[in-house]
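Below: one structure, written as structure tokens.
The values are calculated or read from the model by the stated rules, or taken from the named source; none is laboratory data. In this text the structure is predicted, and so the values were computed from the model without any measurement. FYI the Cβ positions are ideal-geometry reconstructions off the backbone, even for glycines, and counts take in every protein chain you see. Surface areas here come from the heavy atoms of the whole protein model, side chains and all, with no ligands, DNA or RNA. Shrake-Rupley method; radii C 1.70, N 1.55, O 1.52, S 1.80 Å.
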Amino acid sequence: MPKIHAVSTYNPPFTLVQTQAEHFVRTLFSQKITQLERYLRVFENGEILNRHLTMPIEWYKQDHDFAERNRLYIEHAVSFGVTAIENCLEKAGGVSTKDIDAIVFISSTGISTPSIDARIMNKLPFSEHVVRIPIWGLGCGGGAAGISRANDYCIAHPASKVLVLCVELCSLTFQANDLTKSNLIGTSLFGDGVACALVCGDAVMASSRQPLPAIKATASKWLPNSEDVMGWAVENTGFHVIFAKSIPSVIENWLAPFVEEFLQANKTGLSNLNHFVAHPGGKKVLTAYEIALRIDSQLLIPSKTILQDHGNMSSPTVLYVLEKTMTEYANKGDIGLMAALGPGFSGELLLLEWK
């Protein structure tokens, strides 16, 4: 069983209080959207308190073309990613970047070729033989999927150390001239965040004195003909968010059988879980988890806390929840289920045991 040796998170520099975000949207759209006051309820109802942004709030009041947005994405993804990697390796006991065998890079909020991991490798002293595994387009499901792919690599190469880096600068996709409800919901929900995890194979000794989550099993599932549930519409001005009203009902009807089959295949059940490391896609998503799985709401406290303090940061968010679970809640012998859902429509599950 590969283990997750360390998780670090990095918050971009500008903090956005939710009341400030609501005022920003009211000022920007008051003359453009007739039912704006009704739509603005999502800012309070979502129960998000703070988020973090890559740029100061004044930047978002202006029009920006795709090229400018993407230049900023590349610049800051590299800078923030370097910091997150350094922090993660320090938490893992001072592991050197030269000893990293592979990097799984996850993102959906910008485009770069060569990918961001290659640009970061020119900033930090990685081995020239490191394996690069950049993955684009998994959205909110990317954090859990990245850990799963690192697990696959470590099973094949038990002496390997693999970094999983998730960088999402969601705010750079904000569209000041998009008058759709989806854009308003996205503006009330998404923030920027970066997370890095170190996953190691069985032959790697852990320096931690604390129990670490071992990955007992993973599973992926895809829902056919569901491309319109969530994703991006790519236009001249950049990415425009797609949200379907059906997301909570899709979760309620589709997630429970997926989870139950996965747990049964691994000879356990929901009643045996000490932790539910769930991607908090939003308040309604967390409620859908609770209804679909009939779980104790206490298991969702770490996810709710991350949502309140950071909003939905897409792929890094579940790693924020994992970091909080590892540092504040987990004990030796605990069993946890890690879950994230994203465009496709797809889901990723991991069964964890703290050893």
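Descriptive notes on the structure:
- Contact map, segment 202-220: first residue closer than 12 Å to LYS3 by Cα, second residue of a type in the set (Ser, Thr, Tyr) and surrounded by 18 or more Cβ atoms within 10 Å (Cβ to Cβ), Cβ cut-off under 9 Å, separation 6 or more or different chains; pairs are ALA203/SER160; VAL204/SER160; PRO213/THR325; ILE215/SER148.
- Within this structure, LYS91 fails the test of being among the charged types (D, E, K, R), touching a residue at least 24 places away in the same chain (Cβ under 8 Å), within 17 Å of ASN177 (Cβ to Cβ) and open to solvent by 60 Å² or more (accessible area, probe 1.4 Å).
- Look at (1) outside any helix (DSSP H, G or I); (2) at negative phi and you find that GLU47 fails only one, number (2).
- Matching strands (runs of 3 or more DSSP E) fully within segment 166-240 where at least 2 residues are within 30 Å of ARG38 (Cα to Cα): 192-200, 230-235
- When each of PHE276, PHE262 is tested for being of a type in the set (A, V, I, L, M, F, W, C), part of a strand (DSSP E or B), surrounded by 17 or more Cβ atoms within 10 Å (Cβ to Cβ) and in contact (Cβ under 8 Å) with a residue 40 or more places away in the chain, the lone residue that passes is PHE276.
- Residue selected from segment 99-139 under the condition open to solvent by 20 Å² or more (accessible area, probe 1.4 Å) and among the β-branched types (Val, Ile, Thr), by the criterion nearest to the chain's Cα centre (by Cα): ILE135
- Residues of segment 181-228 that are of a type outside the set (A, V, I, L, M, F, W, C), open to solvent by 10 Å² or more (accessible area, probe 1.4 Å) and within 21 Å of ILE147 (Cβ to Cβ): ASP202, SER207, SER208, GLN210, PRO211, LYS216, THR218, SER220, LYS221.
Residues checked against (1) within 19 Å of PRO125 (Cα to Cα); (2) loosely packed, with under 14 Cβ neighbours inside 10 Å; (3) touching a strand residue (DSSP E or B) at 6+ places or on another chain (Cβ under 8 Å); (4) at pLDDT below 95:
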| site | (1), (2), (3), (4) |
| --- | --- |
| LYS3 | no, no, yes, no |
| PHE14 | no, no, yes, no |
| ILE33 | no, no, no, yes |
| ASN45 | no, yes, no, yes |
| ASN50 | no, no, yes, no |
| LEU53 | no, no, yes, no |
| ILE85 | yes, no, yes, no |
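- Taking every residue in segment 111-135 that is at pLDDT 95 or above and pairing it with any residue that is acidic (Asp, Glu) and buried (at least 17 other Cβ atoms within 10 Å of the Cβ), at least 6 positions away or on another chain, the pairs with Cβ-Cβ distances below 9 Å are SER127/ASP101; HIS129/ASP101; VAL130/ASP101; VAL130/ASP117; VAL131/ASP101; ARG132/ASP117; ILE133/ASP117; PRO134/ASP117.
- Verdict on ILE291 being within 30 Å of THR187 (Cβ to Cβ), open to solvent by 10 Å² or more (accessible area, probe 1.4 Å) and in contact with a helix residue (DSSP H, G or I) (Cβ under 6 Å, 6 or more places away or on another chain): yes
- Scanning segment 311-329 for residues being surrounded by 24 or more Cβ atoms within 10 Å (Cβ to Cβ), of a type outside the set (S, T, N, Q) and in contact with a helix residue (DSSP H, G or I) (Cβ under 7 Å, 6 or more places away or on another chain) gives a total of 7.
Let's see how each residue does on (1) farther than 30 Å from LYS332 by Cβ; (2) hydroxyl-bearing (Ser, Thr, Tyr):
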| residue | (1), (2) |
| --- | --- |
| LEU163 | no, no |
| GLN175 | yes, no |
| LEU184 | yes, no |
| GLY191 | yes, no |
| CYS200 | no, no |
| SER207 | no, yes |
| ALA214 | no, no |
| GLU227 | yes, no |
| LEU255 | no, no |
